[in-house]
Amino acid sequence: MKQAKMHIEKNFKLAEVDKRIYSSFLEHLGRAIYTGIYEPGHPAADENGFRRDVLELIRELNVSHVRYPGGNFLSGYSWKDGVGPKEDRPRRLDLAWHTIESNQFGIDEFVDWSKKSGTEIMGAVNMGTGTPKEAGELLEYCNYPGGTYWSDLRAKNGHKDPHNIKLWCIGNEMDGSWQICHLDADDYGKKALETAKIMKWIDPEVELVVCGSATTLQETFPEWDRKVLEYTYEKADYLSLHRYYENEGSDFDFLASFVDMDRFINTIAGTADYVKALKRSDKTMYLSFDEWNVWYQHNQKEHDWMEAPEILEDRYSLLDALVFSGMGMTLINHADRVKIACLAQLVNVIAPIFTEKNGRVMKQTIFYPFQYLSTYGRGMALKPVVVAPTAESRYGETPLLHSSVVFDEEKKQVNVFCLNLSDDEMELDLDMRSFGKLSMIEHLELSGPDLNAVNTFDQPDTVTMKAVENLSGSFEACKMVLPKYSWHVLRFQCEE
Ligand code: AHR
C-alpha cells in the first residue's frame, strides 16, 4: 500500500475561488443547442422550446457563466442572422463545422434561456469574418438602454430591458489555422485592441477576454500570448487558455494530464507577468481557462451540410472522469490567477449532459466531478503541504496523489478533493490540527465497476458518486485508505 500525507493549515491561504471557474460553454455546434437545450415539440419543452429536463440537470451542476455562441462557429457567425422574427431568419452554411445553421436560436433566446437556467452569460464577438464595428453593434444591441438603432431593435424584438452582458470574449482561438479568417498575432493583437476600445466606449463596465494560445501544442505558443498582450494589455482583463486531453496510450499518462495543465497555466502566467514588467504596469493579467475537458479529437468524423448532426458526441468513461477531476482540481489550485474557466461543453457536444432527440436525458461520468467541485469548491483555496510518492509520466515526475482543499469560512467547513492515480491502494494521513476539532460530514467516492465503465440511457447510474462510511467522532487528524484509481470528496465540519 502507498502512503501519502497532507498537512492542511487554515492560514496557508491561496485565494478566494472565483465562482466563474465553474462556468461552461454552449456552441452552435452539433446538437448542443438544437435538440440539446432547445427542442420545440419535445415533451419536456417549455413555451420557449427550452428543454426543462436539461435545465434541471444544468441547475444541479451549479454552473456560473455559459460562454456562447462559440467556439470555431463564432468566427463565421453574423449575430444579426439570429435576431428578429424567426420566419425571416436566414439558413446559412456554417463553415466551421460544415453544417447548416437555421438561426432559429440567437442571442435573445440565449438570454431568456440563461435566466431559466440560473446562469450568467459570457458573450463572444466574431474576430474572423466579423469586424470591430459589428462587435460594437452587438454590444449596443445587448447593453445600451435605448434610443439608438440597435438598442431600439432589441426592444422591438421583445427585450425592452438591456441584456447587460458584462463579460465578453474577443474572438476564439484566432491563432489556429483551422479558424475562419485566422490571423497572426500582430494582426489579431491590433484588431482585438481596436475592438476592445469600441466595446469599452459603449459600455465601460464590460470585462474582456483576449485570445491566448488555442493549446500548448501550437507552434506559436507562448509567443502568441506575449505579442497579443503587448498590444492589448491596457484594455484586456483576461487572457484565454484552452486545452483538451485524450487517452493516447497509457492510462497513467492520461491521468497525469493535470501536470501538463498546471505547467501551461504557470507558463502563461509567467508570460503575462513578463509583459506586465515590460509595460511597467501595476495591473495583473488574470486568466480565463475558457475551454477545458477530455476530448477524443482523433475520433472526429466529417459531416456534410446537415442541420444539428451528431458531432463530437464523446461518451465518457470512469477513467475520463478521473482525468477530468484532476484538471478541475488544478483550476482550484490556481485560484489566485485563474478567475474564469469553462467546461467545454455543456450539452451533447463533449459534454456532461447528454440528450436523445425527442427522448431522454442523462448524466455522463464527468457530470459528477464538475458538480461536486462546483458545489463544494467554493470559499478560500488553501495550499496544503502534500507528501506523496511520485512516478514518471510523459509529463515528467508526477505525484500519485493530486488534491485541492477549499475552506468555506462562513460554514466552517473544510472540503478536501483528492485523486489517487496509482494502481495501488493509498493510505492518506490528513493532519488538520490548525482547525481544532473536526468531524466528518461526508466522504464520497466517484465509483463504477471498472475504468472503462460508462453511463447509458438504459443504465444511467453505472458511474456515480457513492457514499463511503464516515469516520466517527471528532479529531484533528485522521487516516483513510483510498482505493487505486479513485477520486474522493472529503468534507469536514469545524467544531469550534
Ligand atoms: O469545443 C470544441 C472546439 O474546440 C471549439 O469550437 C474550439 O474553440 C476548440 O477548438
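Odds and ends about this structure:
- Residue that is touching a helix residue (DSSP H, G or I) at 6+ places or on another chain (Cβ under 6 Å) and within 26 Å of G212 (Cβ to Cβ), where the choices are L74, L139: L139
- Any chance F254 is away from the ligand (no atom under 16 Å from the Cβ) and touching a Gly at 6+ places or on another chain (Cβ under 7 Å): no
- Of all the criteria given as (1) surrounded by fewer than 21 Cβ atoms within 10 Å (Cβ to Cβ); (2) more than 21 Å from L446 (Cβ to Cβ), the one not satisfied by Y296 is (2).
- Filter pass, A15 being hydrophobic (A, V, I, L, M, F, W, C), modelled with pLDDT of 95 or more and assigned to a strand (DSSP E or B): yes
- For region 271-295, a tally of residues being away from the ligand (no atom under 16 Å from the Cβ), assigned to a loop (DSSP other than H, G, I, E, B) and either hydrophobic (A, V, I, L, M, F, W, C) or within 22 Å of F25 (Cβ to Cβ) (or both) returns 1.
- Boolean, A45 is touching a residue at least 12 places away in the same chain (Cβ under 8 Å) and of a type in the set (A, V, I, L, M, F, W, C): no
- Some residue of region 34-41 being away from the ligand (no atom under 15 Å from the Cβ), over 25 Å from the mean Cα position of the chain (by Cα) and either modelled with pLDDT of 95 or more or surrounded by fewer than 17 Cβ atoms within 10 Å (Cβ to Cβ) (or both): yes
- Failed item, numbered, when T195 is tested on (1) more than 24 Å from the chain's Cα centre (by Cα); (2) surrounded by fewer than 24 Cβ atoms within 10 Å (Cβ to Cβ); (3) not aliphatic (A, V, I, L, M): (2)
- Selected residue (only one of I340, I366 is farther than 29 Å from A45 by Cα and either buried (at least 24 other Cβ atoms within 10 Å of the Cβ) or within 16 Å of the ligand (Cβ to nearest atom) (or both)): I340
- For first residues located in region 17-32 and more than 9 Å from the ligand (Cβ to nearest atom), partners that are modelled with pLDDT of 95 or more and hydroxyl-bearing (S, T, Y) and lie 6+ apart or on another chain with Cβ distances below 6 Å form the pairs K19/S64; R20/S64; Y22/S64; Y22/S374; S23/S64; L26/Y68.
- Those residues of region 111-129 which are in contact with a Leu (Cβ under 8 Å, 6 or more places away or on another chain) and closer than 24 Å to A196 by Cβ, in sequence order: E120, I121, M122, G123, A124, V125, N126, M127, G128
- Single condition G30 does not satisfy, out of (1) under 16 Å from the mean Cα position of the chain (by Cα); (2) surrounded by 24 or more Cβ atoms within 10 Å (Cβ to Cβ): (1)
- Among strands (runs of 3 or more DSSP E) entirely within region 82-134, having at least 3 residues that are crowded, with 18+ Cβ neighbours inside 10 Å singles out 120-125.
- In this structure, S78 does not satisfy being farther than 20 Å from E356 by Cβ, among the hydroxyl-bearing types (S, T, Y) and within 16 Å of the ligand (Cβ to nearest atom).
- Every residue from region 218-270 that is small (G, A, S), buried (at least 17 other Cβ atoms within 10 Å of the Cβ) and not in a loop (DSSP other than H, G, I, E, B): S240, S257, A269
- Residue count for region 151-186 under the criterion of being away from the ligand (no atom under 16 Å from the Cβ), surrounded by fewer than 14 Cβ atoms within 10 Å (Cβ to Cβ), part of a loop (DSSP other than H, G, I, E, B) and not basic (K, R): the result is 3.
- Residue check for L74: closer than 30 Å to E137 by Cα, hydrophobic (A, V, I, L, M, F, W, C), assigned to a loop (DSSP other than H, G, I, E, B) and modelled with pLDDT of 95 or more: no
The values are calculated or read from the model by the stated rules, or taken from the named source; none is laboratory data. Keep in mind that what you see is a predicted model, and the values were worked out from it rather than measured. When we count neighbours, we look across all protein chains shown, and the Cβ atoms used for this are built from the backbone with ideal geometry, even at glycine.
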